[in-house]
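The values are calculated or read from the model by the stated rules, or taken from the named source; none is laboratory data. Everything numeric here is computed off the predicted structure, so don't read it as measured data. Please note: Cβ atoms are built from the backbone with ideal geometry, for glycine as well, and neighbour counts cover all protein chains shown.
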Amino acid sequence: MIQKVLENLKIASLNEMQLASLEAAKKSNDVVLLSPTGSGKTLGFLLPLLNQLDKDKPGIQAMVLVPSRELGLQIEQVFKQMQTGLKVNCCYGGHSTRTEKHNLEQAPALLIGTPGRIAFHIRNKNIDTTTIRLLVLDEFDKALEFGFQEDMSFIISHLKNLKKRMLTSATKMKEIPSFTGVTDPIEINFLSKTPVKAEGLKLKLVRAETKDKLDLLFSLICKLGNTATLVFCNHRDAVDRISDLLAEKGLVHGTFHGKMEQEDRERALIKFRNGSFRILITTDLASRGLDIPEIENVIHYQLPHTEDVFIHRNGRTARMNAKGTSYLLLGEEEHVPTFIKDTPPEEKIAIGGKIPENTPWCTLYIAAGKKDKINKMDIVGMLLQKGKLQKEELGLIEVLDFSSYAAVKSNKIDAVLNLIKNEKIKNKKVKMEVSV
């Protein structure tokens, strides 16, 4: 079964951490899996779960609690790609509770969700908790940081028939809270196996001559040119300040932080994935558990407070066999964090520079999705046949529950919209426009 799943995922073999997790799950103990961001923890708990799911048993057998909607959707996508034949559902804030209740009427074998939304469904008796035997608390340290302790405690108190718990984290905790029910666990610790500086990652230092680093950041972005870049800040107001500057300069970019509406966050990630913009300014919310593409550059506009945060941010680039560069921006009174043992080489950046050309892609919004029986091939067919696009003029397409997004070459978008303005998809008139 595992081998077939790996073939479906196009993975040649499991890594050391995933093999250790599979082995630990065979024992009766609870499991604590400690492993860095980008190391494959999702498979590290999904494969052990799969070995314990029974196709012939009704009801929800396993639950995965996650700290963010984006992480939940990513896990759901991986499980679907495994092609197990088992039903999976994901519940999260910002999604229709009515739709979720309808989906839960035919209980999935695996339920993934954010603590607040799962607690809602338990309170409203939309979930039968008596059949749940397996629980995963994924990115548990992040869930605590986000303040989900009360909801998680409430949920776990209703899981009376749990046989096994698995807790994953990218940081080691002094103690595991008692409400988890995790007792005498087997600990799999791979945190020490990943150094601060990953293979293929270059660290560089960029110094400002003043406290204000905004002009220096803009000059660095100009120098990096047309490359995918994540700019990390510690605070939302810094994200907004940088965004205001880039907008003033006419540089297309995206922002991502916890105060944004879920729909806006989702749209920002989609546009970053499909190349509609190459710069994403974010808080540490985007440092873990997000489905985003290989990033060439990470810029620490505001310095990370801890080594863990530094590792998580840098984990967005130089993944697997790729290469990437991580830039530390220092104001005149800032110093290299003590957890970085060797001071990185300094790169001189001249203030100013040529503004990078905007990406050749833009995003087409389609007001219909999976729940309207729309799939990728419907959109491809319409845009190639009716919109007269060539294959190379159509990029990544993502279909959500009630909306879809397609990357289209910017120089073709007006003509496409004109050609498809009266078209129907699945015999239904659907609103289509450039996503803003």
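A few points about this structure:
- Candidate set from the range 344-369 (those that are of a type in the set (S, T, N, Q) and modelled with pLDDT of 90 or more); member that is nearest to Glu307 (Cα to Cα): Thr359
- Residue match in the range 18-25 (condition: surrounded by fewer than 23 Cβ atoms within 10 Å (Cβ to Cβ), assigned to a loop (DSSP other than H, G, I, E, B) and modelled with pLDDT of 85 or more): no
- In the range 211-221 there is at least one residue matching the filter, namely being more than 27 Å from Lys271 (Cα to Cα) and either assigned to a helix (DSSP H, G or I) or touching a residue at least 60 places away in the same chain (Cβ under 8 Å) (or both).
- Residue match in the range 411-421 (condition: surrounded by 13 or more Cβ atoms within 10 Å (Cβ to Cβ), under 29 Å from the mean Cα position of the chain (by Cα) and not aliphatic (A, V, I, L, M)): no
- Selection status of Leu389, assigned by TED's automatic domain parsing to the domain that holds Lys421, over 23 Å from the mean Cα position of the chain (by Cα) and without any contact (Cβ under 8 Å) to a residue 24 or more places away in the chain: no
- The set of residues in the range 370-416 being among the basic types (Lys, Arg) and under 16 Å from Val434 (Cα atoms) consists of Lys409, Lys412.
- Listed by first and then second residue, the pairs linking a residue in the range 14-28 that is of a type in the set (A, V, I, L, M, F, W, C) to a residue that is surrounded by 13 or more Cβ atoms within 10 Å (Cβ to Cβ) and part of a loop (DSSP other than H, G, I, E, B), with Cβ atoms under 7 Å apart and 6 or more places separating them unless they lie on different chains, are Met17/Ser35; Met17/Ser39; Met17/Gly40; Met17/Phe190.
- When Thr129, Thr114 are screened for being surrounded by 15 or more Cβ atoms within 10 Å (Cβ to Cβ), at pLDDT 95 or above, hydroxyl-bearing (Ser, Thr, Tyr) and under 18 Å from the mean Cα position of the chain (by Cα), only Thr114 passes.
- Taking (1) β-branched (Val, Ile, Thr); (2) at pLDDT below 90; (3) crowded, with 18+ Cβ neighbours inside 10 Å in turn, Ile156 satisfies each apart from (2).
- Boolean, Gln81 is closer than 15 Å to Arg265 by Cβ and polar (S, T, N, Q): no
- The residues on offer are Ala368, Ala350, and the sole one that is part of a loop (DSSP other than H, G, I, E, B), under 26 Å from Glu76 (Cβ atoms), touching a residue at least 60 places away in the same chain (Cβ under 8 Å) and not assigned by TED's automatic domain parsing to the domain that holds His102 is Ala368.
- Out of Asn103, Asn51, one residue alone is on the phi < 0 side of the Ramachandran plot and surrounded by 15 or more Cβ atoms within 10 Å (Cβ to Cβ). It is Asn103.
- Some residue of the range 46-56 being touching a Lys or Arg at 6+ places or on another chain (Cβ under 7 Å), over 20 Å from Ile155 (Cβ atoms) and part of a loop (DSSP other than H, G, I, E, B): no
- Criterion (hydrophobic (A, V, I, L, M, F, W, C), modelled with pLDDT of 90 or more, on the phi < 0 side of the Ramachandran plot and surrounded by fewer than 22 Cβ atoms within 10 Å (Cβ to Cβ)) met by exactly one of Leu330, Leu280, Leu290: Leu330
- Top-ranked residue of the range 159-190 - restricted to ones that are under 16 Å from Thr306 (Cα atoms) and either of a type in the set (S, T, N, Q) or not assigned by TED's automatic domain parsing to the domain that holds Gln52 (or both), ranked as modelled with the highest pLDDT: Ser169
- Test: residue in the range 315-327 that is modelled with pLDDT of 90 or more and loosely packed, with under 15 Cβ neighbours inside 10 Å: no
- Tally, over the range 25-84, of residues that are acidic (Asp, Glu) and under 13 Å from the mean Cα position of the chain (by Cα): 2
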